[in-house]
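No value in this document is a laboratory result; all are computed from the given coordinates. What you see is a predicted model; the values in this text were computed from it and never measured. Neighbour counts run over all protein chains shown; Cβ positions are idealised from the backbone, glycine included.
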Amino acid sequence: MPVEHDLRTVDMLLNMGPQHPSTHGVFRMVLRIDGERVTDVEPHIGYLHRGSEKLCERENYRQIVTLFDRLDYLSNFNNELGFVMAAEKLMGIEAPERAQFIRVILCELNRISSHMMFYGAYGADVGVFGTSFMYGFRERETIQQLFESVTGARMMHSYFRVGGVFQDTPDGFEAAAGKLLSQLKRSVEECDRLLTKNEIFLERTRGVGAISAADAVDYGMSGPCLRACGVAQDVRLIEPYLTYNRFDWDIPLGKKGDCWDRYWVRLEEVRQSIAIIEQALKLMPKGPIQAPVAKFGFVKPPVGEAYFRAENPRGEFGVYLVSDGKTSPYRVKIRGPSFVNLMALRQMTVGHYIADAVVILGSLDIVLGEVDR
Amino acid sequence: MIGLLKSLGVTLKRTLRKPVTVQYPGEHITLSKRNLGFPVLLWDDNVDEPACTGCQVCMRYCPTECMTVTMKDNPLAKEGKSARKKIVDNFQIKMERCILCGICVEVCNFDAILMSDYHEEGDITRGGLIAKKEDLFRMGRDFQKRAGIVVGSAGDKKEEGA
Amino acid sequence: MTWADMGWLILAIVIFIGFITIVVLGLTYGERKIIARFQQRLGPTRTGPFGLLQPVADALKLLAKEDFIPGSVDRLSFWIAPIVVFVPAFIAWVTIPFTRDIVISNMEFGIFYILAVSGLSTAGLLMAGWGSFNKYAMLGAVRSAAQLISYELPLVVGVLGVVMISGSLDLKVIVAEQDGLWFAFMQPIALVLFLIAGLAEVARAPFDIPVAESEVVGGPFVEYSGMHWSMFSLAEYANTFAVAVLATILFLGGWRGPGPDSGWGQDVMMAFWFLLKTSLVLLAIFWVRATVPRLRIDQLMSLAWVVLLPLAFVNMILTAFYLYYDWPDWTMVAISFAVLAAIGIAYQRRRVSRLATIETAKVRVRQGKVVA
């Protein structure tokens, strides 16, 4: 209900500064509020800028993989995939089939762990005192231990290489992954039951931060934020890469584009990822895991440019690679989906309450490493 | 009200499960065999010299430039005891810059460097975090003994023990 | 009053306040352990055996902390606010009986005194918010003032139902009147109202928006540190304990329970039943805190004014009819539960089904192609 403007009220400037428990990283939001209603939002980014794109110009292709790990630090494999497939596209080679299956399995597991992190943080934003956080991180922990058995690191893997992957999966990987998936199925049901139909959660998120499909497409949004508006846009469907056109899966779509839809789409995507991983584990062949690309240890793509896009947990991740024939690229441009999704924050938040601003920011699921690069 | 009651049921069910806390540093979770700990230099027990020849390939490939490597002529080669003509003279790794990516292990031509399982290398002095040659050899020999890694004859692939 | 009486009174007050403080400190520890169990983890374990010395560690830490006061605060408000919040929380305990004989000073208008005194802390929160010279604090203070005032009414009118049936404001008499059927069965509507409004009065989850950690980072308390802040924290836990104890006395039969009829065995059993029932209520409060998300301020207010207050009046009218026409007890029980069930079902049908209809779709992808 609008405030009666017979009273002369003054807008207050509230700074949700870089250090705040709820801004998912070093992100600054300057809100202009009228009582409890937000009338303007001004996001300030750049606190986490590390010059990744410039660093790419002097590191060789094997070292750049470590840089891409650290962009969206919650979905490391998906970032690495974007880069190595852009380089492979430029060189015109394809990774062997086993490597592709390994990549699919790891990327989908990373999607699950990223969405579990979203679940945890979102519950904390909405006000559950940390319970959702603990549940989400419990699942992440088991997935990260599986990652450690494959790559040696829980988060910053540097495992994908141009033309394949670094090492083969260890013995017992299929069994461990199968066990993990059955545990995940049970936990996702419990996480679902904790929040999804909870009346207070519904009251907090239904109708909050709604954006129409046309506006979302105009802003260039992608990923779960766009699918929550009802637009069936998924890079795995439109430009299938790796072996995605051999699986059976569903794309969950929302209808209203509000916070609950975005939350629900992500939770459903976890279930679909589990289905994809099960099929991939069954279909995975034995074979080589690295195509021969490097002469004397150096990867040297031919002169040219290539753009590759992948479906990150946060949206459409794009890598534009320009090579001049040397061992380092000439230019790498990274299209971070969180950066583009963040543009819609102002439209979504104006007119809602301060408490809703936090909930909306949480539902966009931004990662500052990707926004600032 | 049903959703709320179901949520309360979920939390109640969780109280009946064993807590997942691992009481570090009393208990440790088991690390996998491939765990990327700090890099260490391997020792060739057959010839009693380090496996590293100081060729600087790892230094060039390191993304964070955390290593300093120099090489010298191998005195044992002159005596005819070793096939390595050059041997490492000085090797320093800045532990605070190393991002544990494992690229140095991947590119080493002599399989002389390996990611160990050391991960609790805190220190209270600034200089303590620079691992010098002696530290790397000591940690390497300790890790070799524990993991059963034997360096083959000079310049060849290593064989992994048990 | 003779000097000896005065001396005994002062001693009783000191013992009582010491006891309450120890209980409150134990509550901080118990809450952390219990909520940890709900989250499938351990709570404090390192400080002392089973982490039992955690409250001591917390207290020492708070005492040793640098108590810095920002330069631009309004000194008077800033310094007085913790006192205004802390003192009512403790003086409300003067008249709460733990067993039939353990009370500092039983008053004939016991429950009236408690409700009146606990309303004073609203002013303290406003003082804290204003004096802190901080926008977040101001927002939190204004929200909390709105919340506390809104929930006073359902609280008082709900308790009024119990007072009408028992015919007295005296807490001992109220417990004595529960020899037949507990008031939890006779006045379930009042019980629901008391628990919800009581939680809101204490500003605990799910009504902790004034101190919402994820938005206003502590609300009115954001600029306080050290001993200043600990006064607020102790007051919050003392209030929570008071809500639990009052729920036991007013609705769950207080210290009534099977046991010997006389002698010190009776005292022990009375204390035991009292503490057991209070612990169960506290467990429920912690359980709710661990599970339920936070309500937004406008939803909170509409809950108080649109749902709880009319319900409180319905309860009052129902009780009046029961007393005036001398209906048998079971009619009261049956009608109250029917009213609660009707409200629950109506809410489920109208609001929840509108909110929770999943208007979602799935695009089926088979082998890379979309199928219908």
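Taking only DSSP H segments of four or more residues, each worth -39500 (n - 2.57), what value at 222 nm results for chain A once the sum is divided by all its residues, to the nearest 500 deg cm²/dmol?
On the way: 15 runs with 176 residues, N = 373.
Roughly -14500 deg cm²/dmol at 222 nm, from the helical runs in chain A.
In terms of Cα atoms, the Rg and Dmax of chain A work out to 21.2, 77 Å.
Given Cβ point charges of +1 (Lys, Arg) and -1 (Asp, Glu) and nothing else, what value in debye, to the nearest 20, does the dipole of the stretch C:1-131 about its Cα centre take? Display every interim value, and only then the final one.
On the way: 9 positive and 8 negative charges, 134 e Å.
That gives a dipole near 640 debye.
Can you sort C:GLU66, B:GLU120 from fewest to most other Cβ atoms within 10 Å of each residue's own Cβ? The partial results should precede the final answer.
Numbers: C:GLU66 6, B:GLU120 10.
With the sparsest Cβ surroundings first, the list reads C:GLU66, B:GLU120.
Taking the helices alone, chain C has a mean residue ellipticity at 222 nm of -21500 deg cm²/dmol, built from -39,500 (n - 2.57) per DSSP H run of at least 4 residues and averaged over all its residues.
Pop the C-beta distance of A:GLN19 and C:VAL87 into the FRET formula with R0 = 35 Å and round what comes out to the nearest 0.05.
Values: r = 34 Å, r/R0 = 0.97.
My answer for the efficiency is 0.55.
Proximity of backbone amide H atoms, modeled 1.01 Å from N, is registered between A:ASP40 and A:ARG32 at under 5 Å, excluding neighbours fewer than 5 places apart on the same chain.
How high is the relative contact order of chain B? Use alpha-carbon pairs under 8 Å, at least six apart in sequence, and give a whole percent. Don't skip to the answer; put the middle values down first.
Details: 252 pairs, mean separation 43.0, N = 162.
Result for chain B is 27 percent.
Using the 10 angstrom Cβ neighbour count as an exposure proxy, how do A:TYR47, C:TYR224 rank, fewest first? Can you show the working numbers first?
Details: A:TYR47 14, C:TYR224 23.
Result, fewest neighbours first: A:TYR47, C:TYR224.
Counting beta carbons within 10 Å around each of A:TRP264, C:TRP3 and listing the fewest first gives the order C:TRP3, A:TRP264.
Work out the mean other chain Cβ neighbour count within 10 Å for the residues of B:90-103 and drop it here as an integer. Numbers along the way, then the final one.
Details: counts 0, 0, 0, 0, 0, 0, 0, 0, 0, 7, 5, 11, 9, 7.
Shielding by partners across B:90-103 averages 3.
Hydrodynamic analysis of the stretch C:232-293 uses the Kirkwood radius over alpha carbon pairs. Inserted into Stokes-Einstein at 4 °C and 1.567 mPa s, it gives a translational diffusion coefficient of 102 µm²/s.
Taking amide H positions as modeled 1.01 Å from N, with prolines and chain starts lacking one, the residues under 5 Å from A:ASN312 and 5 or more places away or on another chain are A:PHE317.
When chain C is treated as a GNM with alpha-carbon contacts under 10 Å, the residue of C:GLY344, C:GLY140, C:GLY51 showing the greatest mean-square fluctuation is C:GLY344. Over chain A, Cα pairs under 8 Å with separation of 6+ residues give a relative contact order of 27 percent.
State to the nearest 20 debye the size of the charge dipole of the stretch A:52-372 about its Cα centre, where the only charges are +1 on K and R beta carbons and -1 on D and E beta carbons. Working shown, then result.
On the way: 38 positive and 41 negative charges, 94 e Å.
I would put it at about 460 debye.
Among A:GLN290, A:GLN145, A:GLN272, the largest mean-square fluctuation in a Gaussian network model of chain A (Cα springs under 10 Å) belongs to A:GLN145. Just checking the listed ones, C:SER105, C:SER168, C:SER72: in the Gaussian network model of chain C with Cα springs under 10 Å, the one fluctuating most is C:SER72.
Rounded to two decimals, what ratio of Rg to Rh does the stretch B:32-159 give with C-alpha atoms and a Kirkwood Rh?
Working: Rg = 14.0 Å, Rh = 14.8 Å.
Ratio of gyration radius to Kirkwood radius: 0.95.
For chain C, the membrane-span-like helix rule (DSSP H, alpha carbon extent of at least 18 Å along the helix axis, mean Kyte-Doolittle at least 1.6) picks out C:75-91, C:188-202, C:329-347; this says nothing about an actual membrane. For B:LYS85, the lysines whose Cα falls under 22 Å of its own Cα, not counting residues fewer than eight places away in the same chain, are B:LYS72, B:LYS133, B:LYS157, B:LYS158. Please give the helix A:76-91 orientation as an angle from the longest Cα principal axis of chain A, in degrees from 0 to 90, rounded to the nearest 10. The two axes meet at around 50 degrees. For the stretch A:256-344, the square roots a ≥ b ≥ c of the C-alpha gyration tensor eigenvalues yield an a/c of 1.5 or more together with a/b not exceeding b/c, which makes the shape oblate. Over all directions, the projected convex hull of the C-alpha atoms in the stretch C:1-135 averages 12.6 nm² in area.
Please state the equivalent ellipsoid semi-axes for the stretch C:85-139: what are the square roots of 5 times the Cα gyration tensor eigenvalues, largest first, in whole Å?
Equivalent ellipsoid semi-axes, largest first: 32, 10, 7 Å.
With charges set only on the Cβ (+1 for Lys and Arg, -1 for Asp and Glu), what does the dipole of the stretch B:32-159 come to about its Cα centre, in debye to the nearest 20?
Details: 20 positive and 20 negative charges, 44 e Å.
So the magnitude is around 220 debye.
When the stretch C:67-327 is described by a simple charge dipole with +1 on each Lys and Arg Cβ and -1 on each Asp and Glu Cβ, the residue from C:SER166, C:GLY219, C:GLY263 located farthest towards its positive end is C:GLY219.
With the convex hull drawn around the C-alpha atoms of the stretch C:252-372, the volume per residue stands at 242 Å³.
Normalising by the residue count of chain C, find the relative contact order in percent from Cα pairs under 8 Å and 6+ residues apart. Intermediate results must be reported in sequence, preceding the final value.
Values: 484 pairs, mean separation 72.2, N = 372.
This gives 19 percent for chain C.
At q = 0.10 Å⁻¹, what log₁₀ I(q)/I(0) does chain C have when each alpha carbon counts as one equal point scatterer in the Debye sum? So the normalised log intensities work out to -0.72. Put +1 on the Cβ of every Lys and Arg and -1 on every Asp and Glu Cβ in the protein assembly as shown; which of A:VAL358, C:THR240, C:LEU193 then has its Cα farthest towards the positive end of the dipole? Going by the charge dipole, the pick is A:VAL358.
Trypsin sites (Lys or Arg not before Pro), restricted to the stretch A:291-359: which are DSSP loop and have at most 14 other Cβ atoms within 10 Å?
Numbers: sites: A:LYS295, A:ARG309, A:ARG314, A:LYS326, A:ARG331, A:LYS333, A:ARG335, A:ARG346; in loops: A:ARG314, A:LYS326.
Listed in order of number, the matching sites are A:LYS326.
Candidates B:PHE38, B:CYS108, B:THR70 compared by Cα position along the dipole of the stretch B:19-162: farthest toward the positive end lies B:THR70, with charges placed on Cβ.
Of all alpha-carbon pairs in the protein assembly as shown, indicate the percentage at a distance above 47 angstrom. I get 37 percent for the Cα pairs in the protein assembly as shown exceeding 47 Å. At full extension, B:ASP89 and B:THR125 could sit 10.5 nm farther apart than now, given 0.36 nm per residue minus the alpha carbon distance. In summary, the aspartates and glutamates within cross-link reach of A:LYS256, defined as a Cα separation below 13 angstrom excluding same-chain residues under 8 places away, comprise A:ASP215, C:GLU359. FRET efficiency for the A:GLU94 to C:ARG46 pair, using the beta carbon distance and R₀ = 51 Å, is estimated at 0.40.
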